[in-house]
Structure formats: C-alpha cells, structure tokens
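The values are calculated or read from the model by the stated rules, or taken from the named source; none is laboratory data. Note that the structure is a prediction, hence the values are computed from the model and not measured. In this analysis, Cβ positions are derived from the backbone assuming ideal geometry, glycine residues included, and neighbour counts consider all displayed protein chains. Heavy atoms of the whole protein, side chains included, go into the accessibility calculation; ligands, DNA and RNA do not. Shrake-Rupley method; radii C 1.70, N 1.55, O 1.52, S 1.80 Å.
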Amino acid sequence: RTTMKSLRFISAEAFVSNAEFARKNLGAVAHDLFPLLFKASYLLEQGEVIHDLVENWPLFDFNVGKLLGATLDCQEDLSRRTCSVCLESCLTGLRDYVLNQSSPYMKKLKVVDLTGIKDVEVQFCKCKKTMGRWARTQLLSKLCSELLVYLQQAQCNPGTFEISINVLIDLFVTERNYELVVQALLKKCSCPLKICCVAFRSDNLTLQKFFYIIKLTDPSLLRKLEIVHNVHLEMEHLEILFNSIHFPLLMSLTLPARTFNVRRFTATDEQMLSNIGEKMGEMTQLTELSMSFSILTGRIQKLLSPLKTPLKMLDVSNCSLNHADMAYLANSFHANHLEALDLSGHDIPELYPSTFFKLLSHCSSMLRSLTLEDCNIQDTHVNMLILGLSPCQKLQEFKFIGNPLSSQALKHLFTFLCELPMLKNVEFPVPKDCYPIGITYPIDDASLCRFDHQKYERVAEELNLILLQANREDMKASTPLFGSYDAAVHETNNELGAYLIKSFKETLEKFTTSFNKMS
C-alpha cells in the first residue's frame with residue numbers, strides 16, 4: 001500500500017531508521033519535530049526511539065490518536081495499529097519521563113491522551129503482536145504502581161513530586177486485572193501519572209467489585225460506560241447505581257443481557273423502571289444506548305421518553321419488542337437523529353412491517369449503520385426491503401445474517417446495495433439453499449456450520465462479481481457466522497471461557513444436588 005509522504009517525513013524515517021544514531025542525537029532535535037519523529041518511529045516500529053522520544057517529550061500534550069492520525073506529512077492513519085512493541089515503548093517512556101532528572105528539556109507535559117487508539121481485527125504491524133485495551137489498562141496501572149514505589153524508595157529530585165500529568169485512557173477491567181487497577185486508582189493523588197478514565201468497560205466482575213471500582217474512576221469524567229457479559233446487573237442494581245452516582249458527561253451506555261425482564265414485573269418494578277428512565281433523562285449528553293437481550297415488551301416508551309437529548313445509536317436487539325414499542329420508536333424524536341440502529345432478533349415482516357418502514361423512513365437521512373440479524377426476512381420481503389432502504393443514502397454498514405434468503409434473493413439485493421453510495425460493509429447470511437431442506441430459522445449453533453460450503457463459495461463469488469461489475473471494490477461483503485469481530489471479547493476470551501466453564505460446572509453441581517435430594 002503506497003501512501004503519500006512529504007520530504008520531511010521521508011527524512012524523519014531516515015533519521016529514526018538507525019536507532020542508535022537517532023537516540024544519540026535527539027538532544028539536537030527541534031521541539032516541533034518530535035511529533036514527526038514519533039509517527040515515523042511508530043511506522044517503522046522503532047521501539048527504543050519511541051521510548052526516548054516520549055521520555056524527553058518537550059511539548060504540553062501527547063495525544064496518541066492525533067500524532068498517529070492522517071497528517072499533511074504522512075496521510076496514513078496509524079491509530080488502528082495497536083502494535084505491542086510501540087505501545088509498550090510509549091508507556092515505559094512515559095514512566096521514565098517522570099524519573100528522568102537529566103533530560104535537557106524542561107518538563108512541560110500536562111496531558112497524555114491514549115483514547116484515540118482504535119482496536120481492529122487486521123493488524124499491519126510487522127511484529128503482529130497487539131496490545132489491546134485490556135493490556136493497556138493492565139500495563140498503565142502496573143507502571144503507576146511501580147512509579148510510586150520507586151519514588152518512595154529512591155532519592156528523587158524534589159521537582160519530580162511536582163510533576164502532574166493527566167493520562168486519559170479507556171479502561172477495561174475484569175477479575176484478572178481488577179486488583180492492579182484498584183491500587184493505581186486509589187493512589188492517583190500521590191502519583192505523578194494520574195489515570196483519568198474517559199471510558200470504562202467491565203466484564204467478568206462481581207457486582208460488589210464493579211460498584212467499588214466505578215466510584216474510584218471519577219464518574220464525573222466518564223463519557224462511555226459498558227457493563228457487559230458476566231456482570232450480573234439487574235434492574236434494581238441499575239437503579240441503585242443511578243441513584244448513588246451521577247454521570248453528567250455520559251454519552252454512551254451499554255447494559256448487560258437480562259438487565260430488564262418485564263415478564264416478571266410487579267408494581268414496584270414499574271416504578272423502578274420509571275425512575276431509571278428519569279435518571280437517564282438527567283444525563284443530558286446521552287446519545288448512545290445499548291440494552292440487547294433484555295425483555296422490554298411494551299416498556300420502550302417508559303424508558304426512553306424522559307430522554308431530553310435524541311439518541312444517535314440504539315441497540316434493542318433481542319428485546320422482545322411489540323407493536324407499541326415499534327410505533328413509539330417510529331414516532332419519537334429519536335427517529336430523525338438515529339445514525340446506528342440494531343433491531344436484530346425481531347420478526348419484523350410478521351409483527352410490524354409498516355411501522356418498521358415508517359421508522360426507517362424517518363431515520364433515513366441520518367442512518368449510517370443498520371443491523372437486522374435473525375429478523376425472518378425472506379425472499380418475498382426483499383422488494384419491500386429495497387424500497388425501505390432506498391432513501392438511506394448515508395448508509396455505510398448493513399448487517400443481516402441469520403435471515404432465510406435464497407441465493408437468487410441475495411443477488412437481487414446486492415444489485416440494489418451497489419447503488420448506496422456510502423455503503424462499505426455488508427454482512428450477509430449463508431443462502432438458505434446452501435442448507436439441508438427443512439432447516440428451521442433461527443438456526444441453532446449446532447446446525448450453523450452444516451451447509452454446503454462449496455455452493456456457498458460459488459454464491460459468494462457471484463455476489464462479489466456483482467460488486468466488481470458495479471465498480472464497488474470499496475465494498476466489503478462477508479458472512480461472520482458467529483457475529484462480528486469484537487476486539488474486547490477477542491482479547492479476553494480465555495478468561496471469559498474459563499468463567500463460563502466454571503459457571504456451567506456450578507450449575508451442573510446444583511442440579512445434581514437437587515436431583516439427588518428428589519431421589
């Protein structure tokens with residue numbers, strides 16, 4: 001891949017390509033060239049040079065996302081490269097910035113921003129070893145703790161204790177790194193590197209630990225909160241969370257599966273749901289809400305109507321929505337502002353076809369991402385779907401795996417999708433005619449891979465040919481059978497897998513005990 005580079009950037013690459021020479025001569029480099037040299041070093045994976053650049057950083061701020069993003073000198077965006085060598089060098093260089101007493105530069109650094117790093121599936125760095133969000137959380141917490149221990153034991157320059165650098169980071173905490181992160185947050189006041197949590201993701205944590213650590217993060221700064229998978233947060237816990245902690249800047253909220261279950265609601269639960277809606281209404285910045293796999297039948301209005309700011313992203317996949325819920329969404333002020341919508345797991349053609357298309361027409365001018373997985377969309381519905389999607393000229397992503405569509409219907413749909421000018425990513429189902437006759441939808445996990453793979457490959461080639469003939473090489477079409485890539489899940493899958501096996505074993509033991517008692 002060739003990228004436009006200025007003569008300045010080519011010179012910077014030449015300078016850092018010899019690590020020993022570059023490190024020796026950093027003292028003679030003008031301050032305003034440090035950003036250029038940093039990006040050149042990152043591109044060439046010169047870890048030692050990166051370390052020394054950060055250790056001697058002469059500027060007020062160090063924003064990794066901006067430094068690695070597209071610039072006039074180098075148009076390539078490196079912020080998607082979570083190269084382990086480079087990021088570890090950045091963070092250890094930051095620690096040594098604090099400790100380095102002989103640096104020729106006056107210590108001006110006040111803010112380090114690590115939030116612009118983007119975790120993606122395909123890496124282009126030579127080392128092929130990534131440092132994901134969880135590992136960055138782990139390493140920064142470890143370095144902060146080590147730094148404090150060293151400062152307490154060593155004879156340091158009094159000026160070292162006056163250094164105060166806010167390190168903005170998206171924290172990712174699980175059981176495995178919990179203690180380390182807690183220690184770093186508890187000692188934040190004494191540490192020159194001050195962890196400032198902008199986004200917080202928790203998985204595989206007990207509720208007690210979650211409530212403890214969320215208070216330590218300084219929730220007043222939090223912009224994104226993700227409570228996922230193995231945090232057993234239910235509605236009453238969510239009400240306690242919102243009553244005890246204020247999130248004035250929160251823009252994005254993700255709740256774990258089964259947070260709500262209206263099927264076992266009492267009058268008290270109805271009041272609790274209203275209270276939660278009102279508390280979310282006080283979060284005036286909230287524009288993204290994900291609450292998949294909860295049972296919310298008939299309660300969407302109660303939860304969303306108190307919101308004062310229109311939602312830009314809404315994920316209500318597998319939430320058992322009824323016609324009243326869909327009618328509320330279609331007519332609400334959110335509809336005209338939605339940029340991302342996930343309605344997976346609802347039988348749209350059967351339950352509320354006209355209301356859904358009304359919703360689609362209202363959000364068509366803004367919609368960028370639409371997910372309709374396992375929605376029972378069949379061949380007979382394709383023309384209607386095309387009609388509904390036609391005004392969505394800003395659509396960039398369309399995911400519809402798990403729908404019973406034939407090869408022929410997919411070809412018809414792809415011919416239309418080529419006409420959406422901004423569409424870049426399509427996730428389509430394995431055609432129904434690739435599966436054995438009589439397969440039922442939604443397909444269970446055991447049957448998901450039991451299809452004619454050769455026939456699928458032939459159809460996939462034909463679909464790609466449709467894109468090629470329409471000059472749409474910019475469009476990527478794929479069939480991720482087990483869902484889209486999730487960097488956070490991918491990074492911690494060993495821990496989560498062990499947790500699931502442990503949970504299954506405990507459930508089995510309880511069942512056996514109960515069965516033995518009955519016997």
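Quickly run through the range 32-60 and pick out the residues that are among the acidic types (Asp, Glu) and touching a Cys at 6+ places or on another chain (Cβ under 9 Å).
Once the filter is applied, which keeps residues that are among the acidic types (Asp, Glu) and touching a Cys at 6+ places or on another chain (Cβ under 9 Å), the range 32-60 yields only 45.
List the pairs whose first member sits in the range 131-145 and is in contact (Cβ under 8 Å) with a residue 60 or more places away in the chain, whose second member is assigned to a loop (DSSP other than H, G, I, E, B), and whose Cβ atoms are under 7 Å apart, counting only residues at least 6 apart or on separate chains?
That search, which allows pairs on different chains as well, returns 132/82; 132/119; 133/119; 134/174; 134/177; 134/492.
Does residue 483 satisfy the criteria of being part of a loop (DSSP other than H, G, I, E, B), modelled with pLDDT of 95 or more and not β-branched (Val, Ile, Thr)?
For residue 483, the condition - part of a loop (DSSP other than H, G, I, E, B), modelled with pLDDT of 95 or more and not β-branched (Val, Ile, Thr) - is not met.
Please enumerate the residues belonging to the range 383-400 that are open to solvent by less than 50 Å² (accessible area, probe 1.4 Å), part of a loop (DSSP other than H, G, I, E, B) and under 22 Å from residue 480 (Cα atoms).
395, 400
Among the numbered criteria (1) part of a helix (DSSP H, G or I); (2) open to solvent by less than 60 Å² (accessible area, probe 1.4 Å); (3) not assigned by the TED database to the domain that holds residue 37, which one does residue 156 miss?
If we test residue 156 against (1) part of a helix (DSSP H, G or I); (2) open to solvent by less than 60 Å² (accessible area, probe 1.4 Å); (3) not assigned by the TED database to the domain that holds residue 37, just (1) comes out false.
Out of the residues in the range 65-93 that are in contact with a Phe, Trp or Tyr (Cβ under 7 Å, 6 or more places away or on another chain) and not in a helix (DSSP H, G or I), which is farthest from residue 40 (Cα to Cα)?
Start the filter on the range 65-93 by keeping residues that are in contact with a Phe, Trp or Tyr (Cβ under 7 Å, 6 or more places away or on another chain), which leaves 67-68, 73-74, 78, 81, 86.
When the remaining residues are screened for being not in a helix (DSSP H, G or I), the result is 73-74, 78, 81.
Working: 73: 10, 74: 9, 78: 10, 81: 13 Å.
Restricting to residues being in contact with a Phe, Trp or Tyr (Cβ under 7 Å, 6 or more places away or on another chain) and not in a helix (DSSP H, G or I), the top hit is 81.
Quick one: residue 27 ticks every box in (1) closer than 22 Å to residue 131 by Cβ; (2) out of contact with any helix residue (DSSP H, G or I) (no Cβ under 9 Å at 6 or more places or on another chain) bar one, so which box is it?
With (1) closer than 22 Å to residue 131 by Cβ; (2) out of contact with any helix residue (DSSP H, G or I) (no Cβ under 9 Å at 6 or more places or on another chain) applied to residue 27, the lone miss is (1).
Restricting the range 350-376 to residues that are open to solvent by 30 Å² or more (accessible area, probe 1.4 Å) and in a helix (DSSP H, G or I), which is nearest to residue 252 (Cα to Cα)?
Here the residue is 362.
Looking at 40, 14 in this structure, which one is assigned to a helix (DSSP H, G or I), open to solvent by 20 Å² or more (accessible area, probe 1.4 Å) and of a type in the set (A, V, I, L, M)?
14
Inside the range 427-446, can you point out the residues that are of a type in the set (Val, Ile, Thr) and either loosely packed, with under 10 Cβ neighbours inside 10 Å or out of contact with any helix residue (DSSP H, G or I) (no Cβ under 6 Å at 6 or more places or on another chain) (or both)?
Those that are of a type in the set (Val, Ile, Thr) and either loosely packed, with under 10 Cβ neighbours inside 10 Å or out of contact with any helix residue (DSSP H, G or I) (no Cβ under 6 Å at 6 or more places or on another chain) (or both): 437, 439, 440, 443.
Within the range 159-196, how many residues turn out to be in a loop (DSSP other than H, G, I, E, B), out of contact with any strand residue (DSSP E or B) (no Cβ under 9 Å at 6 or more places or on another chain) and open to solvent by less than 40 Å² (accessible area, probe 1.4 Å)? Explain how you work it out, then say what you get.
Taking the range 159-196 and keeping what is in a loop (DSSP other than H, G, I, E, B), we get 163-164, 174-177, 187-192.
Now drop any that are not out of contact with any strand residue (DSSP E or B) (no Cβ under 9 Å at 6 or more places or on another chain), which leaves 175-177, 187, 189-191.
Still in the running and open to solvent by less than 40 Å² (accessible area, probe 1.4 Å): 177, 191.
Going through the range 159-196 one residue at a time, the tally reaches 2.
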